[in-house]
Amino acid sequence: DLSACSHPGKVKTLTVIETGKTLEWYLDDATIREDCIKFQPTYEQILKFFNKSQHVEGFVVNEDRYTPCFAAGRLIWRDGTSADWSLYSSGTASLLLDNGETIHLYQRDYRWFDPTACTYGLSGEGEC
């Protein structure tokens, strides 16, 4: 039951592999790369994210709150389910579960520094 993933206190093991990463197709852009290096969420912030975030549709991650800045790692939930994760500075995440399924998560009030804040939303101004 995947809904268990969004309930608080369900993460058993969290591994943070890299922070401050830039999506591959932006690597030629030095400005974006330098911005993304500033995305350095702490272990506690990432754990809190995965324990509090809610399931969302893929377009929230890929369109509404799109950002090239991410951190990556792996987690195991208490029920033994595990996944590789990409956590984006916009408060979204994509997880590839070991069974091949992908789930998307969102948590609104994250506390880390987001280099691409104010660029989300449907209007040109974005939300801040």
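The values are calculated or read from the model by the stated rules, or taken from the named source; none is laboratory data. Note that the structure is a prediction, hence the values are computed from the model and not measured. Cβ atoms come from the backbone with ideal geometry, glycine included; neighbour counts cover every protein chain shown. Areas reflect the complete protein model, heavy atoms only, side chains present, ligands, DNA and RNA absent. Shrake-Rupley method; radii C 1.70, N 1.55, O 1.52, S 1.80 Å.
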Per residue, in Å², the accessible surface of the chain once ligands and nucleic acids are set aside, probe 1.4 Å: 56
Charge context of Arg78, other residues only, Cβ under 11 angstrom, K/R +1, D/E -1: +1
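Summarise the accessible area of the chain (1.4 Å probe, protein heavy atoms) by the percent that is carbon and sulfur. If you can, show how the numbers build up before the last one.
Values: 3640 of 7210 Å².
Looking at the chain in its full context, I get 50 percent from C and S.
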Max mean-square fluctuation residue, GNM over the chain, Cα-Cα springs under 10 Å, options Gly20, Gly58, Gly100: Gly100
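Round to the nearest 0.05 the FRET efficiency obtained for Asp64 and Tyr26 when R0 = 25 Å and r is the Cβ-Cβ distance. Could the numbers behind the result be given before it?
Working: r = 18 Å, r/R0 = 0.74.
That pair, Asp64 with Tyr26, gives E of 0.85.
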Point-to-point label distance, Thr15-Glu34, nm (Cα→Cβ direction, 7 Å offset): 3.4
Largest-first principal axis extents of the Cα set of the range 1-116 (Å): 41, 26, 24
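Longest span of the chain, sites excluded, free of GluC sites (Glu not before Pro) in DSSP loop with at most 16 other C-beta atoms within 10 Å? Each step should come with its number before you reach the end.
Numbers: sites that count: Glu57, Glu101, Glu125, Glu127.
That would be 1-56.
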